[in-house]
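Shown next, in structure tokens, is the structure this report addresses.
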Amino acid sequence: MIRYLGQIPVIAEDLGIITPEVVKLKNRFDFPGMKILQFNLHKNEKEKFLPHHYEPNSVVYTGTHDNDTTIGWYKKLLPGDVEFLAEYLDLEPAMEAEEICWRLIEVAFRCQSNTAIIRCRMCFAWTARPA
């Protein structure tokens, strides 16, 4: 690929089930992987997948085009996940939806990932995916 395209930026979509071959290829070419906050901020998530453990050679996203908006996602969380998120993100009980969005953006920028991609609809605190 490099021989034909040169040194172009590549992000490995390493989501879901990842085989050892995928990891080997990603590491061989030093491709950054993807980290999706909405996938990782749950009560039963393994500690190693939480944002404070993201490796530097990664790109963190608050969510993807496949996800609901942060507000929509937050409103659908189970009570245990809401409690976990409140503790993990240091949320106040009376926080407005917009403040929760900005807290998630803050987590994305403070984690170890060397790149953060924030969807515009995050900044506007939209309550649902646009049609």
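The values are calculated or read from the model by the stated rules, or taken from the named source; none is laboratory data. Everything numeric here is computed off the predicted structure, so don't read it as measured data. Using ideal geometry, Cβ is built from the backbone for each residue, glycine included, and neighbour counts are taken over all protein chains shown.
When restricted to residues that are under 12 Å from the mean Cα position of the chain (by Cα) and modelled with pLDDT of 90 or more, the stretch 54-70 contains 6. Residue by residue through the stretch 29-44, note down the ones that are within 16 Å of residue 55 (Cβ to Cβ) and of a type in the set (D, E, K, R). 30, 35, listed by residue number. Of the helices (runs of 4 or more DSSP H) lying entirely inside the stretch 1-110, those containing at least 2 residues that are closer than 20 Å to residue 121 by Cα and either β-branched (Val, Ile, Thr) or touching a residue at least 60 places away in the same chain (Cβ under 8 Å) (or both) span 70-75, 97-110.
Here is a check on your reading of the model: is residue 101 modelled with pLDDT of 90 or more and either surrounded by 14 or more Cβ atoms within 10 Å (Cβ to Cβ) or on the phi > 0 side of the Ramachandran plot (or both)? Working first, answer last.
Values: modelled with pLDDT of 90 or more: no; either surrounded by 14 or more Cβ atoms within 10 Å (Cβ to Cβ) or on the phi > 0 side of the Ramachandran plot (or both): yes.
No; evaluated as a whole, the condition is false for this residue.
A count restricted to the stretch 14-41 and to residues that are closer than 15 Å to residue 113 by Cβ and charged (D, E, K, R) stands at 4. Restricting attention to the stretch 77-98 and to residues that are loosely packed, with under 13 Cβ neighbours inside 10 Å and modelled with pLDDT under 90, the residue that is nearest to residue 62 (Cα to Cα) turns out to be 96.
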